[in-house]
Amino acid sequence: MIRSTTDKKEKRRHILIYNFKVYLVMAFCVAVVTLYSKWTGNENSVVAVTVLLALLVQRQADFGIRTTHGLISIAGIFAILMAGPRLANSLPPFGAFVVNAFCIFLLMILGCHNVIMYNHSTFVLGYLLLYGYDVNGHAYQMRLIGLLVGMVICMAVFYKNQKNRLYRRTFLDLFREFDICSARNLWYVKLTFLVSSAMLIVTLLGLPRAMWAGIACMSVCLPFTKDCAPRAKDRGLFNIVGCALFIVLYLVLPESMYSMIGIIGGIGVGYSAGYKWQTAFNTFGALAIASSLFGMPMAVALRVGINVAASFYTVILNKCVDRVRVRRFA
């Protein structure tokens, strides 16, 4: 709208509105994460991010089933988020692989029947974040409470916004309609295996941040294989761009301002209209945390290496599966 408007006064008005929206959303996100962190503990800030992602998406997205049955899906999704990551972290690598695959596959069935809504980028991402930032003891108890409260809020918002949508499909139809030969369900299987196996490989290699591999695979594994290669190229390239920008900020800013790098990245995401620059700015928050744990050089090397390798792995495996499928039904 800004680009197409010729009247200067109208253009300035649209620019002002857009800027207001970016900073309003950013302020809301920071407020929610801050409040959740104070309530459930700083180690559970990822719970706030997970709930926030679900809340922002469920204002508009649906599950392709009756609204009341969608509430059952939300309950199932949050139950998986509560139990799955903790269980996977308590098991050896191959046991974790089985749990991750089972949970991610269920998330895909429960939340992704309406493919165009891209719900997997919310729920699977939330699962991976909770898996990557695991807690136990009292912190885990607070995590459960935080997710439970988030579930109730998401249910209320979802029902309020979606109650007038008319669907005949029921909750059980999500399972009845499963067909491994359909493009949608084959995508479920591919994404589930790619994400789970990529994290297994990173774990077996003894590298930290296995969730980065899972997130990269989830992001690149699109419903149509032809879209995967361009997405992989963009993810690899703009992760490198994001890392380069992060290095500049890390070296220029005083150490006392390192905590602001994630917020700067969030603002950048707000101004990004496409996947490429969203990917670049999304690196800021992840690298800010990883740099405090491993040092900046190691964090950047891990980020680039894992994302590039996982993106390549996703494209190759996608093509292999599709070739096998074509030969089988030829």
tail above 14 Å in the computed P(r) of segment 5-66, as % of all Cα-Cα pairs, reads 69
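What are the equivalent ellipsoid semi-axes of segment 220-285, built from the alpha-carbon gyration tensor (square roots of five times its eigenvalues), in whole angstrom, biggest first? Could you put the intermediate results ahead of the total?
Values: eigenvalues 144, 27, 12 Å².
They are 27, 12, 8 Å, listed from largest to smallest.
Could the peptides 206-219, 30-43 be put in order, highest first, of the mean number of other beta-carbon atoms found within 10 Å of their residues?
Working: 206-219: 22.6, 30-43: 15.2.
With the highest mean Cβ count within 10 Å placed first, the list reads 206-219, 30-43.
How large is the convex hull of the C-alpha atoms of segment 56-102 per residue, in Å³?
Values: hull volume 4.0 nm³, N = 47.
Hull volume over Cα atoms, normalised by residue count, gives 86 Å³.
To the nearest 500 deg cm²/dmol, what mean residue ellipticity at 222 nm is calculated for the chain from DSSP H runs of n ≥ 4 alone, each contributing -39,500 (n - 2.57), summed and divided by the residues?
On the way: 13 runs with 254 residues, N = 330.
It comes out at -26500 deg cm²/dmol, rounded to the nearest 500.
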Report the extension gain between A75 and L207 in nm, rounded to one decimal, defined as 0.36 nm multiplied by the number of residues separating them, less their alpha carbon distance.
-> 44.2 nm
Most to least accessible of D234, D179 (protein chains only, probe 1.4 Å) = D179, D234
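Can you sort R12, R184 by 1.4 Å-probe accessible area, starting with the largest?
On the way: R12 150, R184 75 Å².
Descending accessible area places them as R12, R184.
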Here the net charge surrounding F238, from other residues whose Cβ is less than 12 Å away from its Cβ (Lys, Arg +1; Asp, Glu -1), is +4
Please work out the Kirkwood hydrodynamic radius for segment 94-144, using every pair of different C-alpha atoms, and report it in angstroms with one decimal place.
-> 12.1
Take each of the peptides 261-274, 57-70, average the number of other beta-carbon atoms within 10 Å over its residues, and list them starting from the highest.
-> 57-70, 261-274
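How big is D for the chain, in µm² s⁻¹ as a whole number, if Stokes-Einstein is applied with the Kirkwood radius of its Cα pairs at 25 °C and 0.890 mPa s? Mind dumping the intermediate values first?
Values: Rh = 20.9 Å.
It comes out at roughly 117 µm²/s.
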Determine the relative contact order of segment 47-161: mean sequence separation of Cα pairs under 8 Å and six or more apart, normalised by residue count, in whole percent.
-> 47
Simple spin-label estimate for L16/I267, 7 Å along Cα→Cβ, in nm, reads 2.0
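Relative contact order for the chain: what percent, with Cα pairs under 8 Å and sequence separation of 6 or more? The partial results should precede the final answer.
Working: 385 pairs, mean separation 59.5, N = 330.
The normalised contact order for the chain reaches 18 percent.
In the structure displayed, which of K163/K226; K9/K163; K163/K190; K21/K160; K163/K276 lie more than 30 Å apart, Cα to Cα? Can you show the working numbers first?
On the way: K163/K226 36 Å; K9/K163 39 Å; K163/K190 32 Å; K21/K160 22 Å; K163/K276 35 Å.
Cα-Cα > 30 Å for K163/K226; K9/K163; K163/K190; K163/K276; rest within.
Using 1/(1 + (r/R0)^6) with R0 = 22 angstrom and r between the beta carbons of F102 and V189, what's the FRET efficiency to the nearest 0.05? Intermediate results must be reported in sequence, preceding the final value.
Working: r = 12 Å, r/R0 = 0.56.
So, using R0 = 22 Å, E works out to roughly 0.95.
So if I average 1/r over every pair of distinct C-alpha atoms in segment 273-329 and take the inverse, what Kirkwood radius in Å does that give? All intermediate terms of the calculation are to be shown ahead of the outcome.
Working: mean 1/r = 0.0741 Å⁻¹.
Evaluated over segment 273-329, this radius sits at 13.5 Å.
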Quick one: net charge of Q162's neighbours, Cβ under 13 Å, K/R +1, D/E -1?
-> +4
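Cβ neighbours within 10 Å, averaged per peptide: list 236-245, 131-140 in order, most packed at the top.
Details: 236-245: 19.3, 131-140: 15.7.
Most protected by this proxy first, the peptides run 236-245, 131-140.
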Over segment 213-293, with neighbouring protein chains present, the accessible area per residue in Å² at probe 1.4 Å is 46
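For the chain, return all DSSP H helices satisfying: extent of Cα atoms along own axis at least 18 Å; mean Kyte-Doolittle hydropathy at least 1.6.
Numbers: long enough: 8-40 (48 Å, 0.28); 45-58 (20 Å, 2.49); 67-89 (33 Å, 1.09); 93-111 (26 Å, 2.22); 138-162 (35 Å, 0.88); 183-204 (31 Å, 1.24); 228-252 (36 Å, 1.17); 275-294 (28 Å, 0.56); 296-329 (49 Å, 0.69).
Those that pass (Cα extent of 18 Å or more, hydropathy at least 1.6) are 45-58, 93-111.
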Given a Förster distance of 51 angstrom, what is the FRET efficiency for A244 paired with E43, based on the Cβ-Cβ distance and rounded to 0.05?
-> 0.95
Dimensions of segment 220-330 along principal axes (Cα, Å, largest first)?
-> 62, 29, 15
Computed over segment 86-229, the convex hull of the Cα set has an average projected area, in nm², of 10.0
Taking the dipole about the Cα centre of the chain, with the C-beta of Lys and Arg at +1 and of Asp and Glu at -1, give me whichever of P297, G95, I261 is farthest to the positive side.
-> I261
Please express the Cα-Cα pair-distance distribution P(r) of segment 28-170 as a list of whole percents, one per 5 Å bin, running from 0 to the bin with the greatest distance.
-> 2, 11, 20, 23, 19, 14, 8, 3, 1, 0
Working from the pairwise distances between different alpha carbons, so that the mean of 1/r is found and then inverted, what is segment 57-137's Kirkwood radius in Å?
-> 13.1
Residue-level accessible surface for Y18, protein heavy atoms, 1.4 Å, Å² | 70
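The values are calculated or read from the model by the stated rules, or taken from the named source; none is laboratory data. Because the structure is a prediction, the values reported are computed rather than measured. Here Cβ is always computed from backbone atoms with ideal geometry, including for glycine, and neighbour counts include all displayed protein chains. Each accessible area value is taken on the protein alone, full model and side chains, heavy atoms only, with ligands, DNA and RNA left out. Shrake-Rupley method; radii C 1.70, N 1.55, O 1.52, S 1.80 Å.
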